[in-house]
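The values are calculated or read from the model by the stated rules, or taken from the named source; none is laboratory data. Remember, predicted model here, so these are calculated numbers, not experimental data. Note that each Cβ is placed from the backbone with ideal geometry, even for glycine, and that neighbours are counted across all protein chains shown.
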Amino acid sequence: MPPPEPQDDRPTGHGAQGIGLRILATTDLHMHLCAHDYYSDKPLGPTGLTYTASLIRAARAEAEARGDVVLLVDNGDVLQGTPMGDVVMADHAQDTHPAMQAFASLGYDAIGLGNHDFDFGVDALMRVAAQAPCPVISTNLAGKTGPIRSEVQLTLTAPGGGSVRLGLLSVLPPQTALWNAHHLAGRIEIDDMVEVARRASARLKADGCDLVVVLAHTGLGSATETAMAEQAAIPIAGLGSIDAVIAGHSHQLLPGPVHAGMDSVDAEAGRIHDTPVVLPGWGGSHLGQIDLRLSGGSAGWEISGAEARLISVAPDTPADPELARILAPAHAATRAALDRPVGRAERRLHSYFCLFGPDHALAVTADAQADAVRPALQAAGLDGLPLLSSVAPSKFGARAGPDAYTDVAEGEVTLRSVADLHVYRNELRVLRLSGAVLADWLEMAASLFCEVPEGSADVALFPDDVAGYNFDVIHGLSYEIDPTRPARFTAEGRLTSAGARRVGRICLGGSALDPGQEVLVVTNSYRAGGGGNFLGLRGAGQVALPPIELQEALASYFRAGPAGPGYAPPWRLAARPGTSVQVRTGPGAADLLGELPGPREDLGIGADGFLHLRLGL
């Protein structure tokens, strides 16, 4: 751009000499629209978009009062995540989606897509996109995308005169094509985020856009550009043709200390390669705000100053009454749908110990998966092979907080209980693989544990932000995990050492697992596509199955009669006398500690709201 004419140096301005642009952003709402826990059917404190809306309206009013222009965007993963998302798609598909109603009320200018927005299928996504009150954008999709646009140009005019022409593009992880292959194969392909952003941003600038803003549904990742990376906000922000980035996908916070010390990142200021970036958490926990000061006028705008910040929903943040009114019908319909009974459970099913002890909720889910696929395997003549069942917890605390655990009471089971047992819209898959691949599958799952020095005391068994949805527990085997040994794989799925092994004493049918043994494993569609960086599964053979949703498999399992314990919980921590670890779980586990094997000590509820325990190995 040509250099600006001489002007005053006010932070924001009017007319041709200067203009202020405020970008407001949400990301990863995951259908947290109302402050309600649909799994327990209890109201929550300030949380979700109904409360974030108050922050949005206040931030918009503040900017407009001083003559700034405002851009409000969402960065994807809005359609899936609470039972409301499931209910409105299944029972109210022809009604205007409540998220689109909310976005209309708040005056959103653009919506980017995230990977979970494809979880209900392409047709469902297209239907919702057609209802959107503003452009829906996804730049790295290739195929017939209907109402979804590749990029958008908007002109915003300040009340006092002066306008700015914005180019908006949106990218999401290319791994979405693997995770949702059952929906996307043959219809939509997804290209590399960085390369697409490079081309599209240059094109928008060449078309005359003053600024380019990227809705990047991706976490920060590595400073080094890697083809087809899942987390790529750092190289995107460094392209040079991009003026602001909204990041997402990782559910983390920027600005914030979690990214301190990363190459090219100023975590305190919210800058990457000196480009302002916000990553506003998830579930409406934070509103991202980027304020840009533009100077220049008719010859073209340049950024003379920028500030990135997060505004968190606080205990005293009020709910937005208009949004609460708009969402009330969908809220009531969701609660009513979840009350439908499907059967009974013979014991309490919970996930409080899913990362360090026996988990009967996972065992029941594993049993339901196996029951659902047996008829198809029998019809295919494969019922002679061992059938194992792999499941991972979907509610395990961590960043979601101390109340984010499955807890289904003994007795009547409803659709609410089914959703509590497994929250995702996954279909079932059966993989045909060898014992050697199976052993590496277990090793990848065990990589989420911290390495615990033998003989040490009170080392954390897993990090506070543990990705528990990657802790696959394979039922039908028995095995032990030794966290005093180094992990075989990194979190990205890379081999650390050929000799590294944490998982031992793997037995099938009472005998040691033969690396050449052929087995069948029922799992979910996300994992079968290599989701979670289980790279060894991407080439595994799959058995043809009719479409079976995991939640429907669970409902059918309970309808068939009282659900017993299912498979026995298959794994245990290896005994290491003289070594202890600390773990944390939900306070709801306080009366269940007798289910844990081995020595344990209740350390009480910490300032983080979690119940802390000491376990002897």
Item checked: Cβ pairs under 7 Å, 6+ apart, first in the range 226-237 and closer than 17 Å to Ile272 by Cα, second of a type in the set (S, T, N, Q) and at pLDDT below 95 -> Ile234/Ser222
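Could we say that Val459 is in contact with a strand residue (DSSP E or B) (Cβ under 7 Å, 6 or more places away or on another chain) and in contact (Cβ under 8 Å) with a residue 12 or more places away in the chain here?
Yes; evaluated as a whole, the condition is true for this residue.
Yes or no, residue by residue, for (1) of a type in the set (Lys, Arg); (2) in contact with a strand residue (DSSP E or B) (Cβ under 9 Å, 6 or more places away or on another chain):
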residue	(1), (2)
Val196	no, yes
Arg203	yes, yes
Leu215	no, yes
Thr218	no, yes
Ala223	no, yes
His249	no, yes
Asp263	no, no
Ala269	no, yes
Next item on the list: Look through Val522, Val503 and report the one residue that is farther than 26 Å from Ala376 by Cα, surrounded by 14 or more Cβ atoms within 10 Å (Cβ to Cβ), assigned by TED's automatic domain parsing to the domain that holds Leu385 and not basic (Lys, Arg).
Entry: Val503
Note to self: With the requirement that a residue be closer than 18 Å to Leu573 by Cα and either touching a residue at least 60 places away in the same chain (Cβ under 8 Å) or under 29 Å from the mean Cα position of the chain (by Cα) (or both), what does the range 486-500 give you?
What the structure shows: Pro486, Ala487, Arg488
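The rows are residues; the columns are (1) among the acidic types (Asp, Glu); (2) more than 18 Å from Gly238 (Cα to Cα); (3) modelled with pLDDT under 95.
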site	(1), (2), (3)
His182	no, yes, yes
Met193	no, no, no
Ala200	no, no, no
Asp207	yes, yes, no
Thr218	no, no, no
Item checked: Residue selected from the range 301-328 under the condition assigned to a helix (DSSP H, G or I) and touching a residue at least 12 places away in the same chain (Cβ under 8 Å), by the criterion surrounded by the fewest Cβ atoms within 10 Å (Cβ to Cβ) -> Glu322
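Given Ser351, Ser389, Ser434, Ser417, which one is among the polar types (S, T, N, Q) and free of Cβ contacts under 8 Å to residues at least 60 places away in the same chain?
Unique residue meeting the criteria: Ser351.
Could you say which residue among Ile242, Ile234 is crowded, with 22+ Cβ neighbours inside 10 Å, part of a loop (DSSP other than H, G, I, E, B) and either touching a Cys at 6+ places or on another chain (Cβ under 6 Å) or among the β-branched types (Val, Ile, Thr) (or both)?
Ile242
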Check: Given the residues Ala363, Ala337, which is the only one that is of a type in the set (Gly, Ala, Ser), farther than 24 Å from Val430 by Cβ and in contact (Cβ under 8 Å) with a residue 24 or more places away in the chain?
Finding: Ala337
Notebook entry, point to check: Could you count how many residues in the range 104-117 are surrounded by fewer than 24 Cβ atoms within 10 Å (Cβ to Cβ) and at negative phi?
Noted result: 5
Next item on the list: Within the range 552-609, count every residue that is aliphatic (A, V, I, L, M), part of a loop (DSSP other than H, G, I, E, B) and touching a residue at least 24 places away in the same chain (Cβ under 8 Å).
Entry: 5
Checklist line | Residue selected from the range 452-500 under the condition of a type in the set (A, V, I, L, M), in the same structural domain as Thr365 (by TED's automatic domain parsing) and not in a loop (DSSP other than H, G, I, E, B), by the criterion surrounded by the fewest Cβ atoms within 10 Å (Cβ to Cβ) | finding: Leu495
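Take the conditions touching a Leu at 6+ places or on another chain (Cβ under 7 Å), of a type in the set (Lys, Arg) and under 21 Å from Leu537 (Cβ atoms) and apply them to Arg425. Does it pass?
Spelling it out, it is not the case that Arg425 is touching a Leu at 6+ places or on another chain (Cβ under 7 Å), of a type in the set (Lys, Arg) and under 21 Å from Leu537 (Cβ atoms).
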Checklist line | Enumeration of residues in the range 397-419 that are crowded, with 17+ Cβ neighbours inside 10 Å and part of a strand (DSSP E or B) | finding: Tyr405, Asp407, Val408, Val413, Thr414
Check: Hey, does the range 31-38 have a residue that's surrounded by fewer than 24 Cβ atoms within 10 Å (Cβ to Cβ), under 31 Å from the mean Cα position of the chain (by Cα), modelled with pLDDT of 95 or more and over 18 Å from Ala419 (Cβ atoms)?
Finding: no
Note to self: When the residues of the range 193-238 are narrowed to those that are of a type in the set (Asp, Glu) and touching a Pro at 6+ places or on another chain (Cβ under 6 Å), which ends up farthest from Ile19 (Cα to Cα)?
What the structure shows: Glu230
Notebook entry, point to check: Among (1) surrounded by 17 or more Cβ atoms within 10 Å (Cβ to Cβ); (2) among the charged types (D, E, K, R); (3) closer than 27 Å to Ser456 by Cα, where does Arg527 come up short?
Noted result: (3)
Next item on the list: Inspect all residues belonging to the range 136-151 and state whether any of them is in contact with a Cys (Cβ under 7 Å, 6 or more places away or on another chain), closer than 15 Å to Ala110 by Cβ and in the same structural domain as Thr27 (by TED's automatic domain parsing).
Entry: no
Next item on the list: Report yes if Ala99 is of a type outside the set (S, T, N, Q) and either within 23 Å of Arg325 (Cα to Cα) or touching a strand residue (DSSP E or B) at 6+ places or on another chain (Cβ under 7 Å) (or both), otherwise no.
Entry: yes
Next item on the list: Would you check which residues across the range 90-103 are touching a Lys or Arg at 6+ places or on another chain (Cβ under 9 Å) and either surrounded by fewer than 21 Cβ atoms within 10 Å (Cβ to Cβ) or within 19 Å of Trp282 (Cα to Cα) (or both) and list them?
Entry: Ala93, Gln94
Notebook entry, point to check: Can you tell me which of Asp117, Asp77, Asp95 is under 23 Å from Val212 (Cβ atoms), out of contact with any Cys (no Cβ under 6 Å at 6 or more places or on another chain), charged (D, E, K, R) and in a loop (DSSP other than H, G, I, E, B)?
Noted result: Asp77
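Filtering the range 333-388 down to residues that are of a type in the set (S, T, N, Q) and part of a helix (DSSP H, G or I), which residue is surrounded by the fewest Cβ atoms within 10 Å (Cβ to Cβ)?
Within the range 333-388, the match that is surrounded by the fewest Cβ atoms within 10 Å (Cβ to Cβ) is Gln378.
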Next item on the list: Hey, could you check the range 130-154 for residues that are among the small types (Gly, Ala, Ser) and either more than 20 Å from Gly186 (Cβ to Cβ) or part of a loop (DSSP other than H, G, I, E, B) (or both) and say which is nearest to the chain's Cα centre (by Cα)?
Entry: Ser138
Next item on the list: Out of the residues in the range 39-54 that are in a helix (DSSP H, G or I) and crowded, with 22+ Cβ neighbours inside 10 Å, state the one that is nearest to the chain's Cα centre (by Cα).
Entry: Leu49
Note to self: Just to verify a result, which residue in the range 506-518, among those that are over 21 Å from Arg572 (Cβ atoms) and not acidic (Asp, Glu), is surrounded by the most Cβ atoms within 10 Å (Cβ to Cβ)?
What the structure shows: Gln517
